[in-house]
Structures are given as structure tokens and as C-alpha cells.
1. Just how large is the dipole of the chain about the Cα centre, in debye to the nearest 20, putting +1 at every Lys and Arg Cβ and -1 at every Asp and Glu Cβ?
2. How large is ³J(HN,Hα), in whole Hz, for each residue of segment 92-101 in order, when computed from phi with the Karplus curve 6.51 cos²θ - 1.76 cosθ + 1.60 and θ = phi - 60°, using x for Gly and Pro?
3. Quickly estimate the mean residue ellipticity at 222 nm for the chain, helices only: each DSSP H run with n ≥ 4 gives -39500 (n - 2.57), and the total goes over all residues, rounded to 500.
4. Nearest 10 degrees, 0 to 90: what angle lies between the long axis of helix 56-68 and the longest principal axis of the chain (Cα atoms)?
5. Take every Cα-Cα pair in segment 2-122 and report what % of them are more than 24 Å apart.
6. Within 10 Å, count the other beta carbons around each residue, average over each peptide in 87-98, 26-37, and list them highest first.
7. Identify, among Asn54, Tyr107, Gln66, the residue whose Cα sits farthest towards the positive end of the charge dipole of segment 2-122, taking +1 on the Cβ of Lys and Arg and -1 on the Cβ of Asp and Glu, with the dipole about the Cα centre.
8. With label points built 7 Å along Cα→Cβ from the Cα atoms of Lys69 and Asn97, find their separation and express it in nm.
Amino acid sequence: MHYVIGAQERDLHNMEELIILDHEENLSECIASNLFWIKDEKVFTPTLSTGCINGVMRTQMKKWCQDLKVDFLEVKEKTKTLKNADQVFCMNVAGINIFETIGTNEYATKGKVLNLVIERVLDPR
């Protein structure tokens, strides 16, 4: 039900995406995709204990990071963590959505690790 309400809220406010929080206000996921952020060339995603779905692309991202020797960390974090992120994106089997802004925070849409991720999305090998 929270996905339906979240999608309605997103549409009501003309947003491209909405980040869902768990009952303790930790980052969890987006409406129909897993949430990721990059900080200092490390990839972070909410831990499954936040209630996020263990999606196909989440599993794939973990594997890609291992292959690329990039740290992949599953964490329990509040929204303030995203203020210091280098890049933020969400991903599902339909593709990747790179965040340019969240509120007043602006994010780079390119970067070493993000570019590697995009290459893998386009050519998953």
C-alpha cells in the first residue's frame, strides 16, 4: 500500500521519483526501484532490514561491484546521508534513473564509479 500512496504523492507534486523510508525513517528504496548512492567511489544501498526489495538489479549491482573491485555497502542511513553523496541513483530492470537534485541538493551525473555502472547497465555481460 505504501508504494501506491508514494506513487500518488510523487504524481501530486510532479516529482520524477520518491524515496521511501522505513518505519524508523531510514532510507529504504524508491517507488519501483532500488536506491543507491556513491560517496568516495564506494556504492551504498539500504540494507534489507529497511524493508527494501532485494531486486534483480540490486543483486546485479552487488555482483558488478565485486567484479569491478568497488566497495558495495549495505547500510542503515537517514536521509541526511544523501546530502553528502557524490551521486544518487535508483535502478530496476527497466533501467537507471540518475538524480540531478533532491530538494536543494545537486548531484553530479557523472563520475568514475557511476560511469562504470552505466556501462554495465548498457552491456551487462
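Values quoted throughout were computed directly from the atomic coordinates according to the rules given, and no laboratory measurement underlies them. These numbers come from a predicted model, not from an experiment. Counting neighbours? That spans all protein chains shown, and the Cβs are built from the backbone with ideal geometry, glycine included.
1. I would put it at about 420 debye.
2. 9, 5, 7, x, 10, 10, 8, 7, 8, 9
3. Here the helix-only value at 222 nm equals -8500 deg cm²/dmol.
4. Long axis of 56-68 versus the principal axis of the chain: about 30 degrees.
5. 19
6. In descending order of packing, they fall as 26-37, 87-98.
7. Working it through, the farthest residue towards the positive pole turns out to be Gln66.
8. Going by the 7 Å Cα→Cβ label model, 3.5 nm.
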